[in-house]
Every structure is written in structure tokens, then in C-alpha cells.
Amino acid sequence: MKILKGKLVEVNSNDLVNGVLHNTKVKEVGDNCFCNMPDLIKVSLPNATTFGSYCLSSNDALVTVSLPNATTFGSEGEFVIEPLETNKLY
């Protein structure tokens with residue numbers, strides 16, 4: 001995991017604990033940050049407010065996303081969670 005000045009810019013499967021990424025230090029998530037992570041089942045970023053374009057796209061196992069302080073999504077509205085119908089957003 002790579003965090004620069006509160007911005008999460010890189011995540012890989014080794015950063016997950018049982019398919020879960022939880023971090024209270026992250027304030028922002030970069031573009032494509034979680035893209036194509038087959039083992040990702042849950043993301044919990046309670047202090048993050050800003051999320052880059054496509055940051056959660058193409059994660060078939062993802063079922064739970066907790067972003068309670070989220071205010072900004074994607075530079076051009078391209079915040080995508082796929083497949084949306086199976087995701088549970090809090």
C-alpha cells in the first residue's frame with residue numbers, strides 16, 4: 001500500500017486481510033486504485049472524502065463498501081463500482 005500525504009495511490013492483494021482493506025489514515029483515493037482486485041471483498045475507508053475515477057471498478061468479489069465521509073467521486077463522474085447490483089453501500 002502506498003499513501004502519499006493522505007492519498008492512497010497504490011494497493012495490491014498483499015495489503016488485504018481476508019479480502020478486506022480498512023484504513024483510517026486515507027483521506028483520498030487515486031484513480032484506478034482498487035481496479036481489478038479479484039480478492040477484494042470489502043473496503044472500509046471511514047475518513048476518506050475524495051475518490052478518483054474508476055477507483056473501485058472490475059472487482060467481482062466486492063460486496064461491501066463503507067465510505068461514510070465520501071463527498072467527491074471521480075474527476076468526471078466516472079466513479080464506478082461493478083457489478084453494482086451485488087454491492088452493498090453504506
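Using the Cβ atoms and a cut-off under 13 Å, what net charge is assigned to the surroundings of VAL17, where Lys and Arg are +1 and Asp and Glu are -1? Could the numbers behind the result be given before it?
Values: positive: LYS42; negative: ASP15, ASP39.
So the surrounding residues net to -1.
Near the amide H of LEU8, under 5 Å away, which other amide H atoms are found, from residues 5 or more places off or on another chain, if H is placed in the peptide plane?
LYS27, GLU28, VAL29, GLY30
Output needed: percent of Cα pairs per 5 Å distance bin for the range 1-52, bins running from 0 to the one holding the longest distance.
5, 23, 34, 28, 10, 0
On a full-extension model of 0.36 nm per residue, what is the gain between HIS22 and LYS5, subtracting their alpha-carbon distance, rounded to one decimal in nm? Could you put the intermediate results ahead of the total?
Details: separation 17, 0.36 × 17 = 6.12 nm, distance 1.75 nm.
That pair, HIS22 and LYS5, stretches by 4.4 nm at full extension.
Can you list the HN-Hα couplings for the range 16-33, worked out from phi with the Karplus curve (6.51, -1.76, 1.60; θ = phi - 60°), rounded to whole Hz and with x for Gly and Pro?
Values per residue, Gly and Pro as x: 8, 10, 6, x, 10, 10, 10, 8, 9, 8, 6, 10, 8, 10, x, 4, 6, 4 Hz.
Give me the net charge of MET37's neighbourhood, meaning all other residues with Cβ under 10 Å from the Cβ of MET37; Lys, Arg count +1, Asp, Glu -1.
Summing Lys/Arg as +1 and Asp/Glu as -1 gives -3.
Among residues other than THR71 whose Cβ falls under 13 Å from its Cβ, what is the net charge (Lys/Arg +1, Asp/Glu -1)?
Neighbourhood net charge equals 0.
Laboratory data are not the source of any read-out in this text; all were calculated from the coordinates shown. These figures come from a predicted structure and were not determined experimentally. Heads up, the Cβs are rebuilt from the backbone with ideal geometry, glycines too, and the neighbour counts pull from every protein chain shown.
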